[in-house]
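Report on one structure; see the data block that follows.
The values are calculated or read from the model by the stated rules, or taken from the named source; none is laboratory data. All of these numbers come straight from a predicted model, not from anything done at the bench. When we count neighbours, we look across all protein chains shown, and the Cβ atoms used for this are built from the backbone with ideal geometry, even at glycine.
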Amino acid sequence: MKVIGLTGGIGSGKTTVMKMFQELDIPVYIADVEAKKLMQTLGILKYELIANFGELAFKNGVLNTSYLAEIVFSDAEKLKKINQIVHPKVRAHFQQFKALQNSNYIIFENAILFENGFDNLCDYIITITAPLEDRIKRVQQRDGLNRAQILSRVNNQWSDEQKIKKSHFIIENSNLKETQKKVLEIHEKLLKFIEINNI
């Protein structure tokens, strides 16, 4: 079974593209969602987050994502630290997810695929791009963040140029119909690659 990395900067439209693959019956692992679940449920992660980021990391027993985001996106060392704590658990959890699937390929969706070395889990990589102003508008509407907060997160991720150099497929996500067409095209290519490699 092949693993297809799906990445892109904040607001690029990873969720939109991911849903298109799900509609093709392709299993999808959403790293950010699963990481939050693990932080909420794994005792060792809770302990380490509180030890490193204080009691406010959890509010009434619930992961305080806004508090943690405010800390880590304004301090590169703290961002590095939370990634060191959480990502080994995400990697192990993904391997468990993969073992349960029965499909030609699965999608591993991760905004920081390259930044944290998750690209080495992938056979092929798709990068989603979109104009910066479009991305800012999307995130403002979705998360209610201001421009400075969004740009701070953009600057903590690799640039599109860096990602494109290490990717097998690029989807420019500005027009929904064109994006859908590109997803179908990539899906067909992946099925052909896998068929050829399995002969």
Can you name the residue in the stretch 85-126 that is closer than 13 Å to V28 by Cβ and of a type in the set (S, T, N, Q) and, of all such residues, is surrounded by the most Cβ atoms within 10 Å (Cβ to Cβ)?
N110
Report, by residue number, each residue of the stretch 1-15 that is under 22 Å from N156 (Cα atoms) and in contact with a helix residue (DSSP H, G or I) (Cβ under 8 Å, 6 or more places away or on another chain).
G5, L6, T7, G8, G9, I10, G11, S12, G13
May I ask you to say which residue of S74, S66 is of a type outside the set (A, V, I, L, M), surrounded by fewer than 20 Cβ atoms within 10 Å (Cβ to Cβ) and part of a helix (DSSP H, G or I)?
S66
Conditions (1) at pLDDT below 95; (2) more than 30 Å from K59 (Cα to Cα) -> D25 fails only (1)
Residue by residue through the stretch 22-43, note down the ones that are under 17 Å from N83 (Cβ atoms) and without any contact (Cβ under 8 Å) to a residue 12 or more places away in the chain.
V33, K37
Within the stretch 127-163, can you find the residues that are acidic (D, E) and buried (at least 16 other Cβ atoms within 10 Å of the Cβ)?
D160
Need at least 1 residues that are out of contact with any strand residue (DSSP E or B) (no Cβ under 6 Å at 6 or more places or on another chain), among the small types (G, A, S) and surrounded by fewer than 16 Cβ atoms within 10 Å (Cβ to Cβ) per element, so show me which helices (runs of 4 or more DSSP H) inside the stretch 1-62 make the cut, counting only ones lying wholly within it.
43-53
